[in-house]
Amino acid sequence: MIEVCMGGKCKKSGALEVKEKFEKKVSIEGAVVGCKCMGKCRDGPNARLVNLSNKEDDLVRPLTNPLCLGVGLEDVKSIVSNFLGEKDANLLAA
Ligand code: FES
């Protein structure tokens, strides 16, 4: 699941447009959701990749919920590729 901050500062920085672009790229119902302020307002718009792995996996490897700060419309494709497990050289180079 991808959470996009819908806090006031992130909204002002374009979080709604970022969320819409995520929703277009990830055409899975409920995979992209808005969330409350992440506490990194100065860097917004911000998003977080939330790992929803099942309990068995949780015992093997810790959950990581990477935060993506200052997400621009041009970053959405790379983030989605990463989220879906595809290799993306652009994201690694960023
Ligand atoms: S408003 Fe988005 S991190 Fe605070």
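No lab work stands behind these numbers, since they all come straight from the coordinates. Because the structure is a prediction, the values reported are computed rather than measured. Cβ sites come from the backbone with ideal geometry, for glycine too, and all protein chains shown count toward neighbours.
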Rank these for me by crowding, 81, 13, 27, going from fewest to most other beta carbons within 10 Å. 27, 81, 13
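Residue 6 to residue 28: FRET efficiency via 1/(1 + (r/R0)^6), r the Cβ-Cβ distance, R0 25 Å, to the nearest 0.05? Let's see the in-between values first.
Numbers: r = 19 Å, r/R0 = 0.77.
Efficiency, rounded to the nearest 0.05: 0.85.
Sorting 40, 12 on the 10 Å Cβ count, fewest up front, what's the list? Could you put the intermediate results ahead of the total?
On the way: 40 16, 12 12.
Going from sparsest to densest Cβ surroundings: 12, 40.
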